[in-house]
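Structure first, then comments.
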Amino acid sequence: MSGIHFQQNFISYQEILTTDFSNKDYWGRTLEFCKEYLSGKATFPVVTSGSTGPPKQITLSRTQLQASANKTIQVLGLKSNYNALVCISVDHIGGKMMLVRGMELGMDLYLQQPSTEVKHRKLPKIDFIALVPVQLKNLVESELGGDFLTNCKVTIVGGARLDTLIEQNLDRYPNPIYHTFGMTETASHFALRLLNGPNKQQHYQILPGIQMSLDKRGCLAVKGDITNNKLLITNDLVSIIDNNTFEWLGRKDQVINTGGYKVHPELLQSSIQRILDSSNIKVKHLVTDLPHPKWGQQVVLLLESQPLSKTLEQNLQTQLKQHLKAHEVPKQVKYLDAFPRTDSGKVDVLQIKKLLN
């Protein structure tokens, strides 16, 4: 009998249907959502992540959730006898869709309250897991965490970009690890990129049955059953390679216009990551901007650390000038002890800009 394991308790899917969940703590909210879904509820309110704008509540239909879950089940080859670990927040779409996949397939689900550290030591064998990048990083950097990841048949990671250094270390794991691409409005991901193994991919592959196109700004638009067959226009700048494949270039609303040159922060961050790696500077970083009286905006490199020594920062500036185009070179290097994050674990770009200004 399959169901949900939480806090050393177990409740079957059948029992969920007949149980009152009046307690609205994390567990109560989780089980109430499961009860509503198992009962056949037609629509569900979901809150967006708030990483690039204020969080807002939208409504997704049951058919959207089912369509998204079934595409993932099909593409990843998930099975009803799998154990799945839900360690990302069920208050957001990523966690909710882990629950939906489990209920649609009848998997046993093991629930944990979201934390940067996955508590894996007392778990049975986990076959399927969804992570955010910081959780993946902590598993990879731990010997026991690495062993746990090795035994997972399928891992998906999403919600933010991956550090290049972490991605480079994923080939050691024998089972597939995918980076997801999607949003709340599309009932989680609609594209995947395989990160490890001989067939690893540089670009995202769209899930079956989804059509994609570009709007006049060069932003991705998608349509399919996950959007109720309505065209959904995103703020994601992409290059479409073929009918199933695209390269993500960055967010339209985060493009920096400096002296007439357009800089994509996400692409620039990848280039800077390689420079940091070569300089043996192991800190998280973010490319953002500040106003400039002459150029309109100036590129700023933000490091999540205490200030570097004067010598190390000068060396970094030299490396940046040698390897980047002139308009890409950060005009300032600033520091924060810790990047502020949203409730869903994403770096809060809006809050960072408020702090810098």
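Every number here is computed from the coordinates shown, using simple stated rules; none is lab data. Quick caveat, the model's predicted, so the values are computed rather than measured. Glycine gets a Cβ as well: all are built from the backbone with ideal geometry, and neighbour counts include every protein chain shown.
If the limit is 23 Å between Cα atoms, which of Lys137/Lys262; Lys79/Lys125; Lys96/Lys223; Lys56/Lys353; Lys71/Lys223; Lys35/Lys153 go over it? Please report the intermediate quantities before stating the final value.
Numbers: Lys137/Lys262 31 Å; Lys79/Lys125 14 Å; Lys96/Lys223 21 Å; Lys56/Lys353 20 Å; Lys71/Lys223 14 Å; Lys35/Lys153 28 Å.
The pairs that break the limit, which is 23 Å between Cα atoms, are Lys137/Lys262; Lys35/Lys153.
Work out, step by step, the length gained on full extension between Glu247 and Ser142: first 0.36 nm times the residue separation, then minus their alpha carbon distance; give nm to one decimal.
Values: separation 105, 0.36 × 105 = 37.80 nm, distance 3.12 nm.
Taking 0.36 nm per residue and subtracting the Cα distance, the gain is 34.7 nm.
Quick one: work out the % antiparallel among DSSP beta bridges in region 3-209, nearest 5. Kindly include the intermediate steps, with their values, before the conclusion.
Numbers: 17 of 33 bridges.
About 50 percent, rounded to the nearest 5.
Contour minus end-to-end for Arg217 and Ile58, with contour as 0.36 nm per residue of separation and end-to-end as the Cα-Cα distance? The partial results should precede the final answer.
Details: separation 159, 0.36 × 159 = 57.24 nm, distance 2.45 nm.
Between Arg217 and Ile58, full extension yields 54.8 nm more.
Report, by chain and number, residues whose modeled amide H sits under 5 Å from the one on His92, excluding near sequence neighbours (fewer than 5 apart, same chain).
Residues meeting the criterion, in which the H sits 1.01 Å from N, do not exist here.
Jot down the per residue volume, in cubic angstrom and as a whole number, of the convex hull over the alpha-carbon atoms of region 248-300. Let's see the in-between values first.
Values: hull volume 4.7 nm³, N = 53.
Convex hull of Cα atoms, per residue: 89 Å³.
Assuming 1.306 mPa s and 10 °C, estimate D for region 6-119 with Stokes-Einstein, Rh taken as the Kirkwood radius over Cα pairs, in µm²/s. The partial results should precede the final answer.
Working: Rh = 14.8 Å.
Reported coefficient: 107 µm²/s.
Using a Gaussian network model on the chain with a 10 Å cutoff between Cα atoms, which of Leu149, Leu136, Leu301 fluctuates the most?
Ranking Leu149, Leu136, Leu301 by mean-square fluctuation puts Leu301 first.
With an 8 Å Cα cut-off and a minimum separation of 6 or more residues, compute the relative contact order for region 255-356 in percent. Each step should come with its number before you reach the end.
On the way: 139 pairs, mean separation 26.7, N = 102.
Result for region 255-356 is 26 percent.
Rg/Rh for region 3-209: what does it come to with C-alpha atoms and Rh from Kirkwood?
On the way: Rg = 16.4 Å, Rh = 17.4 Å.
My calculation puts Rg/Rh at 0.94.
When every alpha-carbon pair in the chain is counted, what percent end up more than 35 Å apart?
Details: 16525 of 63546 pairs.
Cα-Cα pairs of the chain separated by over 35 Å account for 26 percent.
To the nearest 10 degrees, how steep is helix 265-278 against the longest Cα principal axis of the chain, on a 0 to 90 scale?
Once rounded, one gets 70 degrees.
Report the normalised scattering of region 200-343 as log10 I(q)/I(0) at q = 0.12, 0.14, 0.17 Å⁻¹, calculated by the Debye formula with identical scatterers on the alpha carbons.
Summing over Cα pairs of region 200-343 leads to -0.62, -0.80, -1.02.
Which FRET efficiency value, to the nearest 0.05, is calculated for Ser39 and Lys282 with the Förster distance at 35 angstrom and r the Cβ-Cβ distance? Spell out each step's value before the answer.
Numbers: r = 49 Å, r/R0 = 1.40.
Efficiency, from the Cβ-Cβ distance: 0.10.
Which whole-number percentage describes the relative contact order of region 3-209, with Cα contacts under 8 Å and a sequence gap of 6 or more? Present the calculation step by step, with values, prior to reporting the outcome.
On the way: 358 pairs, mean separation 34.2, N = 207.
It comes to 17 percent, rounded to a whole number.
Applying the Karplus parametrisation 6.51 cos²θ - 1.76 cosθ + 1.60 with θ = phi - 60° to the phi angles of region 336-342, what ³J(HN,Hα) value in whole Hz is obtained for each residue in order, glycine and proline being reported as x?
In residue order, the calculated couplings are 9, 4, 8, 5, x, 10, 6 Hz.
Which value in Å is the Kirkwood Rh of region 318-357 over different Cα pairs?
12.2 Å
Could you work out the local net charge near Leu301, counting Lys and Arg as +1, Asp and Glu as -1, over the other residues with Cβ closer than 13 Å to its Cβ? Write down the numbers at each step before the final one.
Values: positive: Lys284, Lys321, Lys331, Lys334; negative: Asp289, Glu304, Glu313, Glu328.
Charge balance near Leu301 sits at 0.
Using +1 on the beta carbon of Lys and Arg, -1 on that of Asp and Glu, and nothing else charged, what's the dipole of the chain about the Cα centre, debye to 20?
Working: 40 positive and 32 negative charges, 142 e Å.
The dipole of the chain has a size of about 680 debye.
For Gln298, enumerate residues with amide H under 5 Å from its amide H, sequence gap 5+ or separate chain, H modeled in the peptide plane.
Those lying under 5 Å, H to H, from Gln298 are Leu290, His292.
Angle between the Cα long axis of helix 62-76 and the longest principal axis of the chain, 0 to 90 degrees, nearest 10?
Computed tilt is about 80 degrees.
When Lys and Arg each count +1 and Asp and Glu each count -1, what net charge do the other residues less than 13 Å away from Tyr110, Cβ to Cβ, add up to? Could the numbers behind the result be given before it?
On the way: positive: Lys119, Arg121, Lys122, Lys125; negative: Asp108, Asp127.
Result for the local shell: +2.
Would you grab the residues whose amide H sits under 5 Å from the one on Asp236? Only those 5+ places off in sequence or on another chain, please, with H modelled 1.01 Å from N.
Amide H neighbours of Asp236, under 5 Å, 5+ apart: Leu220, Lys252.
Please turn the phi angles of region 88-101 into ³J(HN,Hα) values with the Karplus equation 6.51 cos²θ - 1.76 cosθ + 1.60 (θ = phi - 60°), one per residue in order, whole Hz, x for glycine and proline.
For region 88-101, the Karplus curve yields 9, 5, 7, 7, 10, 5, x, x, 4, 6, 5, 5, 5, 4 Hz.
When only C-alpha pairs under 8 Å and at least 6 residues apart count, what is the relative contact order of the chain, in percent?
On the way: 655 pairs, mean separation 41.3, N = 357.
Reported relative contact order: 12 percent.
Specify the residue with the greatest mean-square fluctuation among Ser22, Ser89, Ser279, computed from a Gaussian network of the chain linking alpha-carbon atoms under 10 Å apart.
Ser22
How much mean residue ellipticity at 222 nm does the chain get from its helices, if each DSSP H run of length 4 or more adds -39500 (n - 2.57) and you divide by all residues, to the nearest 500 deg cm²/dmol?
Values: 10 runs with 104 residues, N = 357.
Calculated at 222 nm, the ellipticity per residue is -8500 deg cm²/dmol.
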